[in-house]
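Notes for the one structure printed next.
The values are calculated or read from the model by the stated rules, or taken from the named source; none is laboratory data. No experiment lies behind these values; they were computed from the predicted model shown. So basically every Cβ, Gly included, is an ideal-geometry build from the backbone, and we count neighbours across all protein chains shown. Accessible surface areas use protein heavy atoms only, side chains included; no ligands, DNA or RNA. Shrake-Rupley method; radii C 1.70, N 1.55, O 1.52, S 1.80 Å.
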Amino acid sequence: MTQNPPLVLTIAGSDSGGGAGIQADLKTMLALGTHGMSVIAAVTAQNSLGVQGYWELPPEAVRAQLDSVLGDIGAQAIKTGMLASTALVETVAERLASVDVPVIVDPVGVSKHGDSLLAPDAVAAVRSALLPVATVVTPNLYEVEQLTGVKVVDESGLREAAEAVKALGPAWVLVKGGHLPGEPADLLFDGTTEHRFTAPRHDNRHTHGTGCTLASGIAAYLALGSDVPTAVARAKEYVTGAIAAGFPLGAGIGPVDHAWRMRDR
């Protein structure tokens, strides 16, 4: 008798180019052996050159998708990505406050191309409503500064950044240091214990979707039964391989390869 795969839900924006957002999340969840489900919060017109526009879904449409999936199917882990506006952040946070599964928050503020994906007034809602329901929050250095005002310039600043984000209420903080010079280092912190993760830096500009992929990988491994540090380590290993296998697409930045392990075989 076959065993059903663990269930993972992503609440995020759609990337028409297929490299990030809902599309990256679902590919990651499949690659790691889970069943991915989606609540679409926004639709982007996006390609390898950037984001040409985005349109939020009405809060009632997002709430209906959440109620539909969670009311019937359920989930063993939930990941949030692009939520765009205060109304959507508050709608999602309110629903997630009542679930009893790990919630991974990728506090998406800007795209790989530098395009804003979060209304300025929504940052306060992320701070006050969304981060307190997070099991793990996964900000990059830009998002740390956006949320806390703490600017990290080298690896020694990661702990201060993690403490500042932890003060906003999540159980765990993973500060991603990939934008620092040298070997990429990430810091995972629960308020007392820190875990550092490093990986080789690959000379590859095709890195679209790394943040979405990492957060979805953490959610998938938590659904599969790993504890938080193990889930982060395994997700980082997966995304590092996906970056190494990233490929050109269109005229700009290509995506990471979510299927790299299948192609390796």
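Residues that are more than 20 Å from Ala75 (Cβ to Cβ) and either surrounded by 22 or more Cβ atoms within 10 Å (Cβ to Cβ) or in contact (Cβ under 8 Å) with a residue 40 or more places away in the chain (or both) were ranked within region 129-145; the one that is farthest from the chain's Cα centre (by Cα) is Val144. Scan region 139-173 for residues that are touching a Lys or Arg at 6+ places or on another chain (Cβ under 9 Å), at negative phi and not acidic (Asp, Glu) and the total you get is 12.
Residue count for region 146-181, restricted to those that are in contact with an Asp or Glu (Cβ under 6 Å, 6 or more places away or on another chain), in a loop (DSSP other than H, G, I, E, B) and crowded, with 23+ Cβ neighbours inside 10 Å: 1.
Does Thr230 qualify as being surrounded by fewer than 24 Cβ atoms within 10 Å (Cβ to Cβ), modelled with pLDDT under 95 and either under 18 Å from the mean Cα position of the chain (by Cα) or farther than 23 Å from Gly109 by Cα (or both)? No. Of all residues in region 177-198, those that are within 14 Å of Val152 (Cα to Cα) have Cβ atoms under 6 Å from Cβ atoms of residues that are of a type in the set (Phe, Trp, Tyr) and open to solvent by less than 40 Å² (accessible area, probe 1.4 Å), 6 or more apart or on another chain, in Asp186/Phe197. For region 199-207, the criterion of being open to solvent by less than 40 Å² (accessible area, probe 1.4 Å), of a type in the set (A, V, I, L, M) and at pLDDT 95 or above is satisfied by no residue at all. On inspection, Arg196 fails the criterion of being open to solvent by 50 Å² or more (accessible area, probe 1.4 Å), part of a loop (DSSP other than H, G, I, E, B) and either more than 19 Å from Leu26 (Cα to Cα) or touching a helix residue (DSSP H, G or I) at 6+ places or on another chain (Cβ under 9 Å) (or both).
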